[in-house]
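A short write-up of the structure that comes next.
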Amino acid sequence: MIDISVNSLVKAFELGKNILDGLSFTVNSGERVGILGHNGCGKTTLFRILSGQLRPDEGEVMVAPSKRLGLVSQIPVYPEGWTTEQVLKQAHRRLYDISRRMDELSLLLEKEQSRSLLTEYDRLQEDFRRLGGYDMDTERSRVANGLDISPAMLSQSFDSLSGGEKTRVNLARLILEDTDILLLDEPTNHLDLRSTEWLEDYLLRFKGTVLVISHDRYFLDKVVQRSIEISEGKAEFYSGNYSFYVQERQRRFEEKLKKYEKDQAKIEQLTRAAQQMHLWAFMGNDKLHKRAFSMEKRIEKLKTSEKPTEQKKLSVKFKERQFSGDEVLVLDDISKGFGDRLLFSGLSMEVAGGERVALIGDNGTGKSTLVKLIMGEETPDTGYLYKGPAVRTAYLPQMVSFSRDERSALDTMLYDCRCQPQEARDRLAAFGFRGEDVFTPVGALSGGEKSRLRLCMLMGGDINFLILDEPTNHLDIASREWMEDALSDYEQTLLFVSHDRYFIEKFATRIWALSDGQITDFRGGYKDYCQWKSRQQVFTQVEKRQEREKKPKPQRPKNNDKAIARLEREIQRLEDKSAQLDKLSEEYATDYQKLMEIAAQKEELEAQLLELYEKWEELEQ
C-alpha cells in the first residue's frame, strides 16, 4: 500500500530557478526512507510541501487519506502559559475526551439506569482500554525520559523553552499521538547519545512510515532501509542505508565516467572517419558523403552526454608542532559546580602525546564545562590542571564567534592571523571560501561556515593539542566528511566532545564517559566501549539479583546439574563466537559497512547471552 506519492513536483523561490524540478517518488506503508542531498537541494522544502505548509508550483502530492502525518520541525502554537506537560497531554486529547464523557455517563447512570447509557458507557470503556487509556501516564513518562525531558522541564512553560527543547517536546508529542507517517527533519540535532539511541530503538519498532532528513550517518545506517537523494531537483534511488548509498553512488559515478570516456573515444574515432569519408567523396564517390553525414549525426548525439563530476575534496593539512615530553594534560582531583549543583568531583586523569580522547555523556553532565576548565576559561573548585610546557593548544568552541562581525572572512584572516592577502585567499580557498564568498561578513555566515572559518584560522598555527567542542554540530554530511579528511592527517593529541558516533568511532582511541559526576576512562574505540558497557550492564543485573535473593539454596535435583552444564557450554560457545567477532572487527577496521554488520551480530549475541545468564541464575538458585 502506498502512503506517499509525489509526482512531477516543481517548486521555485527565485524566477527561473527550480529547487525541485520534476521530483517523483513513492513511499510504501511501513518503509523507513532517508532523504539525502547537499544543503539547499530542497529536502526541507519537500517536507513542508508534504505537510501542507507550502504549495507546489506544479505536480501533485498524495498522502493516504486514512493516515495521520506529523512533521517534527513544525512546532504548533499552544495557548499562552501552557506547560510542557500540557503540550504532551494534547497527544492523548481523544482519551481525555472519552474519560470526561465516561464521568458524565457515570453521573447520569446514578440517576437513571438507561440501557442506551449503559451501552454507550461499555463501548467507551472498551475504547479507552483499547487505545491505552489506562497506560497513558506511564507511556508519557517513558517517552519523556527517553527524550531527556526532565520533570523540571515538564512543569516549565512551553514558550520559555529553547528551540531545541521545543523540538524534543514536539517529537515526543508526535510519538505519543501514534502518528502513522513521521517526517523527521534533523531529529537528532538536539539529542544526546542516550536519547538518540532511544529514538533509534523506537523507530526500529515503529510500525508506521518514516521519512528522515539527517546529517547523523550512524543514525541513518541504523534506521533507514532505503535512500532517496535529491539531485538537481530530481530523485535518485538507492535500495539501502547511508553506507550502501555512499558505495553505490561512487560505483554509479565510475560507471558514468567510464561511459563518458568511451563516448569521447568513439567521438574522436567517428570524427576522423567522417573527415576521411568527406575527403574520399570529393574524389568522385558521392555516396560517402551520406555515410559521413550519418556519422556526424551520431557524433552530435554522443556529444549530449556531459562529463560526470563529483564534489571535490578540500585539500587541507594542519601545521603541526612536534611534541616532546610524556604528559600533554594532567587532571588531579578536579571538581566543579555552580551554586548547589555539583557537576563532577575527584577527576584524575593523564593524557599522553598522540592520544585521541572522546568526551561523551548526556546533555548537562558538564562536558563543555570540563573543556573550559582545560582551556583556562573556568577555574576548578578543587584540584589542579597541568599542561606540558611544550604543549601548544588550539580550541574550536561549540558556538563560534568573532571579535568584529562586520568584517569579511578575508579581513578576519588578515587581522587575526597576521598573514599576507594572497596567503589568506589561498587558505580560505582550501576551506571552500572562494570568489565573492571571501567578502561575506562573518556575522552573516551560518554556524557551519563559522566553524569552518575558525578551523581555517587554527590550522595556520603551530599546534600539538587540538580541542573540539561538538565540531560537527552545524555541519551537513559533506562538510563533516571534509572535516574528517582534514583531521585524518593530524597526528598530535586530540580531545573532542561529540554526539556524532560516526565521528567518534573514526577518531577516538580513548573514551571519557562523563556520568553522575564521574568519568569512566575506557582505553579503546567507541564500538569496543559500547560492547564493554553492555557486558557491564549484564554483570550488574546479575549481581543485583543475587543480592536480592540471598536465601539458603534448597537442595536442587540432579537433572538441574545437567541443565546448568548444558547452559554453561552454550554460554562458553557464544562467548567464543563473540571473541571471534572482536577479531573480525580489528581485521575490517577500515570497512565501515562490514563493521556495521559485525556490530549487529554482536548485539544479537549479547542479547542471547543475557537470556542464558538469566536462565543459568534461575537454575543455580
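The values are calculated or read from the model by the stated rules, or taken from the named source; none is laboratory data. These figures come from a predicted structure and were not determined experimentally. Virtual Cβ from ideal backbone geometry, glycine too; neighbours counted across all protein chains shown. What goes into the accessible areas is simple: the full protein's heavy atoms, side chains included, and nothing from ligands, DNA or RNA. Shrake-Rupley method; radii C 1.70, N 1.55, O 1.52, S 1.80 Å.
Can you tell me which residue among Val400, Val391, Val442 is under 18 Å from Tyr490 (Cβ atoms) and either buried (at least 16 other Cβ atoms within 10 Å of the Cβ) or touching a Ser or Thr at 6+ places or on another chain (Cβ under 6 Å) (or both)? The conditions single out Val391. Of all residues in region 447-495, those that are in contact with a helix residue (DSSP H, G or I) (Cβ under 6 Å, 6 or more places away or on another chain), among the polar types (S, T, N, Q) and part of a loop (DSSP other than H, G, I, E, B) total 1. Against the list (1) polar (S, T, N, Q); (2) open to solvent by less than 10 Å² (accessible area, probe 1.4 Å); (3) modelled with pLDDT of 90 or more, the condition Thr472 fails is (3).
Results for (1) of a type outside the set (Val, Ile, Thr); (2) open to solvent by less than 30 Å² (accessible area, probe 1.4 Å), shown as yes or no for each residue.
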| position | (1), (2) |
| --- | --- |
| Ala430 | yes, yes |
| Glu436 | yes, no |
| Arg452 | yes, no |
| Met457 | yes, yes |
| Ile463 | no, yes |
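Beta carbons closer than 9 Å, at least 6 apart along the sequence or on distinct chains, pair a first residue in region 80-103 that is closer than 22 Å to Pro151 by Cα with a second that is among the hydrophobic types (A, V, I, L, M, F, W, C) and surrounded by fewer than 17 Cβ atoms within 10 Å (Cβ to Cβ) for Gln90/Trp82; His92/Leu131. For region 352-385, give me each residue that is closer than 18 Å to Ser498 by Cα and among the β-branched types (Val, Ile, Thr). Residues satisfying the conditions are Val357, Ile360, Thr365, Thr369, Val371, Ile374. Right, Ser239: over 15 Å from the mean Cα position of the chain (by Cα), of a type in the set (Gly, Ala, Ser) and on the phi < 0 side of the Ramachandran plot or not? So Ser239 passes the test.
At least 2 residues that are out of contact with any strand residue (DSSP E or B) (no Cβ under 8 Å at 6 or more places or on another chain) and open to solvent by 60 Å² or more (accessible area, probe 1.4 Å) in each: list the strands (runs of 3 or more DSSP E) lying fully within region 1-100 that qualify. Please lay out each step first, then the result.
Details: elements: 2-14, 17-28, 32-36, 58-63, 69-71.
Answer list for region 1-100: none.
Based on this model, can you work out whether Leu347 counts as of a type in the set (A, V, I, L, M, F, W, C) and open to solvent by less than 40 Å² (accessible area, probe 1.4 Å)? Spelling it out, Leu347 is indeed of a type in the set (A, V, I, L, M, F, W, C) and open to solvent by less than 40 Å² (accessible area, probe 1.4 Å).
Can you confirm whether Leu288 is at pLDDT below 90 and open to solvent by less than 40 Å² (accessible area, probe 1.4 Å)? For Leu288, the condition - at pLDDT below 90 and open to solvent by less than 40 Å² (accessible area, probe 1.4 Å) - is met.
Just the residues that are surrounded by fewer than 20 Cβ atoms within 10 Å (Cβ to Cβ), assigned to a helix (DSSP H, G or I) and of a type in the set (D, E, K, R), please, taken from region 507-535. Across region 507-535, the qualifying residues are Asp528, Lys533, Arg535.
For Gln113, indicate whether it is open to solvent by 10 Å² or more (accessible area, probe 1.4 Å), farther than 30 Å from Thr26 by Cβ and assigned to a loop (DSSP other than H, G, I, E, B). Against the criterion (open to solvent by 10 Å² or more (accessible area, probe 1.4 Å), farther than 30 Å from Thr26 by Cβ and assigned to a loop (DSSP other than H, G, I, E, B)), Gln113 qualifies.
Is it fair to say Asp137 is under 35 Å from the mean Cα position of the chain (by Cα) and of a type in the set (Asp, Glu)? So Asp137 passes the test.
Taking region 196-215, which residues are within 21 Å of Glu484 (Cβ to Cβ) and open to solvent by less than 10 Å² (accessible area, probe 1.4 Å)? Quick ask: steps written out before the conclusion?
Keep residues of region 196-215 that are within 21 Å of Glu484 (Cβ to Cβ), which gives 196, 213-215.
Across region 196-215, the qualifying residues are Thr196, Ile213, Ser214.
Remark: pairs (first residue in region 464-493, free of Cβ contacts under 8 Å to residues at least 40 places away in the same chain; second residue of a type in the set (Ser, Thr, Tyr) and buried (at least 21 other Cβ atoms within 10 Å of the Cβ); Cβ separation under 7 Å; 6+ apart in sequence or on different chains) = His474/Ser451; Met483/Thr472. Does Leu609 satisfy being closer than 28 Å to Arg217 by Cα and at pLDDT below 80? No, not satisfied.
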